[in-house]
Amino acid sequence: MTQVNEQQILKALEQVLDADRGKDIVSLNMVSGLQIKDGHVAFAIQVDPERGASMEPLRHEAEKTVHALSGVISATVVLTAERPPSGDAPGGEETITPAAETAAPLLPDVKSIVAIASGKGGVGKSTMAVNLALALAAAGHRTGLLDADIYGPSIPRMLGISGQPVPTAEGALEPMENYGVKCMSMGFLIEDEAPLIWRGPMVQSALQHLLRDVNWGELDVLVVDMPPGTGDIQLTLTQQAPLTGAIIVSTPQDIALSDARKGLNMFRKVDVPVFGIVENMSYFRCPHCGERSEIFSHGGARREAALSGVDFLGEIPLDIDIRETSDGGHPITVSKPDSDHAKAYRAIAAKTWEKIGLALQERQAEAPRTVVQ
Ligand code: ADP
């Protein structure tokens, strides 16, 4: 496929008129942050805050226009409004989410969505997400894995997937697949060097794109690998994906646990049930002598779970086998299914599945009440 370039895109956007102002959006300097990555195009249209959501048809037209260009696999367009600085506080940008987009069910054929989160990076969240997804698939559940970790999208590599997703004739994207798990990654859509100001709006919009325009098909569970931390981006993602529940991954040290607590509070704030906490790198098993050392003072996550009133879902040791297999693209749950570690992941998956069932039941029980209100 031919590569599309910036000039071609801007040229096409000269056809998109802002009817109120009688000129096209390029001449009016409304297009900003244009990014092209392997046929995936993203940009923002800057609008006055007062015009906000009424600009949705314009946004849609711009998206359609770019999408129709040869060489474009996906087009992601967001509306941004510049907030005027008030007092000493700096001004900022906010993304306008059209009401219609938030109201429609994004994934009608996906029965449940589970977020894997952590208060900070490097605790083994992605490794957990991958092995958990594979364990769920091994138990016979139709499973997808969405890599929303914009800071280091590592899921395709851990699943042994390379290349790019293929667009369908209808303009949707086919998920990639390996070991029976369907996978999509923000890494396919967002440039590593995306300007900071772009991150928030783009991430939001890329997530919508990955939920709405990907042929996930019928899934029992979609596992989402969240970006680490509890900032605005995480909160937005949490609010945007219709989550059934969340799992927090932590190492046992106090410092990691206080971050995990923040994660827990974030989910509680937006009424997403926390299924529980998993302790990763719980203890070290020496590959030579088999001796167990509790280098990070084992058990902290179990205590934290008890203190916070959530379940403790299990512990995974620090083991070179786990690192080598996941980083090498053949995670331990599939490459060594009889190992103790694979069993531990399967046990966590079984508890997760149970929690999903309970959460869905609860939601169903609540649904009529919501309608009556
Ligand atoms: P995060 O998603 O929290 O940033 P990753 O899952 O990418 O963390 O893990 C960070 C590194 O630690 C990776 O190299 C991974 O293979 C390794 N790792 C994760 N869990 C374990 C474990 N239980 N034992 C050994 N290495 C692990």
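Descriptive notes on the structure:
- Computed over the chain with a Gaussian network model linking Cα atoms closer than 10 Å, the most mobile of L358, L173, L210 is L358.
- Calculated on alpha-carbon atoms, Rg and Dmax of the chain in Å: 21.9, 77
- Listed pairs K111/K182; K125/K262; K37/K182; K11/K64 exceeding 18 Å between Cα atoms: K37/K182
- Selected from G314, G263, G144 as most flexible by GNM, with the chain as the system and alpha-carbon contacts under 10 Å: G314
- Global form of region 265-342, assessed from the alpha-carbon gyration tensor, a/c cut-off 1.5: oblate
- Length gained when the stretch Q361-V26 is fully extended (0.36 nm per residue, less Cα-Cα span): 115.6 nm
- Overall, the chain carries a charge dipole of about 820 debye about its Cα centre when +1 sits on the Cβ of Lys and Arg and -1 on the Cβ of Asp and Glu, all other atoms neutral.
- Report note on the peptides 124-137, 62-75, 3-16: ranked by the mean count of other C-beta atoms within 10 Å, highest first, their order is 124-137, 62-75, 3-16.
- Of the DSSP H helices in the chain, not one has a Cα length along its own long axis of 20 Å or more together with a mean Kyte-Doolittle hydropathy reaching 0.5.
Values in this text are rule-based calculations from the coordinates and carry no lab data. Predicted model only: the values in this text are computed from it and were never measured. Counting neighbours? That spans all protein chains shown, and the Cβs are built from the backbone with ideal geometry, glycine included.
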